[in-house]
1. Between a residue in the range 1-24 that is touching a residue at least 24 places away in the same chain (Cβ under 8 Å) and closer than 18 Å to residue 191 by Cβ and any residue that is open to solvent by 80 Å² or more (accessible area, probe 1.4 Å) and of a type in the set (Phe, Trp, Tyr), which pairs come within a Cβ distance under 8 Å, given they are 6 or more apart or on different chains?
2. Could you list, in sequence order, all residues of the range 67-87 that are assigned to a loop (DSSP other than H, G, I, E, B) and crowded, with 18+ Cβ neighbours inside 10 Å?
3. Of all residues in the range 11-46, which are closer than 15 Å to residue 175 by Cβ, outside any helix (DSSP H, G or I) and in contact with a strand residue (DSSP E or B) (Cβ under 7 Å, 6 or more places away or on another chain)?
4. Only one of 18, 55 is out of contact with any Gly (no Cβ under 6 Å at 6 or more places or on another chain) and more than 25 Å from residue 92 (Cβ to Cβ). Can you tell me which?
5. Identify, please: which residue in the range 124-142 is outside any helix (DSSP H, G or I), hydrophobic (A, V, I, L, M, F, W, C) and out of contact with any Asp or Glu (no Cβ under 7 Å at 6 or more places or on another chain) and is, among those, nearest to residue 50 (Cα to Cα)?
6. Only one of (1) without any contact (Cβ under 8 Å) to a residue 40 or more places away in the chain; (2) of a type outside the set (A, V, I, L, M, F, W, C); (3) touching a strand residue (DSSP E or B) at 6+ places or on another chain (Cβ under 9 Å); (4) open to solvent by 60 Å² or more (accessible area, probe 1.4 Å) is not met by residue 107, so which one is it?
7. If you take the residues of the range 146-173 that are among the small types (Gly, Ala, Ser) and in contact (Cβ under 8 Å) with a residue 24 or more places away in the chain, which of them is surrounded by the fewest Cβ atoms within 10 Å (Cβ to Cβ)?
8. Return the residues of the range 47-59 that are part of a helix (DSSP H, G or I), surrounded by 21 or more Cβ atoms within 10 Å (Cβ to Cβ) and either of a type in the set (A, V, I, L, M) or free of Cβ contacts under 8 Å to residues at least 24 places away in the same chain (or both); say none if nothing qualifies.
Amino acid sequence: EMAPSPEIRREIEAALRQISDFTDKIHNGVITTPAGEHFKNLLVIGIGGSALGPQFVADALGASDDKMTLYFLDNTDPDGMDRVFAMLAGKLDETLCVVISKSGGTKETRNGMVETEEAFRRAGLVFERHAVAITSQGSELDKLASSKGWIARFPMWDWVGGRYSVWSAIGLPVALAIGMDNFEHFLAGAYAMDCHFREADLRQNIPV
């Protein structure tokens, strides 16, 4: 509502509708695995704000009845990757992968994606049928996802800093894991804090 231009506001609103629609289709089995089963697991591939925000929020707000089980590849440590793939052994066929890179060229994220592609290949699965991209329009990752026919692509804008990105499409894993209703409550909390920060006296201003 406080976007600096009508165009930016429309882009934000469109992205939020896309997140809601996609989340609903995953949870209700409209978008399924190649075998026609529900996606049960979610592997997030990113680094910095592309992983830490979703990781923190999903952990803080998650519960035993979460919609999907979350896993993260958030650095290039081979042992760490092996541990994640060991936990996903026998489960890749029911795993949705979200690759997050604003620039589309982040090397650490690309390394994680390449290792994941190989893990899917070894399991006899086609990675592209399990893959979603969150990136800037026209980026290297955006072009790859488009040319390979990934399930979906979501926008990421260069004016969103990494520490704030969980409130953008990078929050998609949060919506998928804990539900769109909870993600919308999370956004409402951020809006309330925005209003407080702009309006409250400095001596009672929480962010200050």
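The values are calculated or read from the model by the stated rules, or taken from the named source; none is laboratory data. These numbers were taken from a predicted model, which means no experiment stands behind them. Ideal geometry is used to build each Cβ from the backbone, glycine not excepted, and the neighbour counts take in all protein chains shown. For accessibility, only protein heavy atoms count, side chains too; no ligands or nucleic acids. Shrake-Rupley method; radii C 1.70, N 1.55, O 1.52, S 1.80 Å.
1. Every condition considered, the pairs that remain are 1/191.
2. 67, 68, 74, listed by residue number.
3. Passing the criteria: 39, 42, 44.
4. Going through 18, 55 in turn, just one is out of contact with any Gly (no Cβ under 6 Å at 6 or more places or on another chain) and more than 25 Å from residue 92 (Cβ to Cβ): 18.
5. Our first condition is that a residue be outside any helix (DSSP H, G or I); within the range 124-142, this holds for 124-126, 131-139.
Next, from what is left, pick out any that are hydrophobic (A, V, I, L, M, F, W, C): 125-126, 131-134.
Among the residues that remain, those that are also out of contact with any Asp or Glu (no Cβ under 7 Å at 6 or more places or on another chain) are: 126, 131-132, 134.
Values: 126: 24, 131: 16, 132: 14, 134: 9 Å.
Among residues in the range 124-142 that are outside any helix (DSSP H, G or I), hydrophobic (A, V, I, L, M, F, W, C) and out of contact with any Asp or Glu (no Cβ under 7 Å at 6 or more places or on another chain), the one nearest to residue 50 (Cα to Cα) is 134.
6. The one condition residue 107 does not meet is (3).
7. Of everything passing the filter in the range 146-173, 161 is surrounded by the fewest Cβ atoms within 10 Å (Cβ to Cβ).
8. 51, 58
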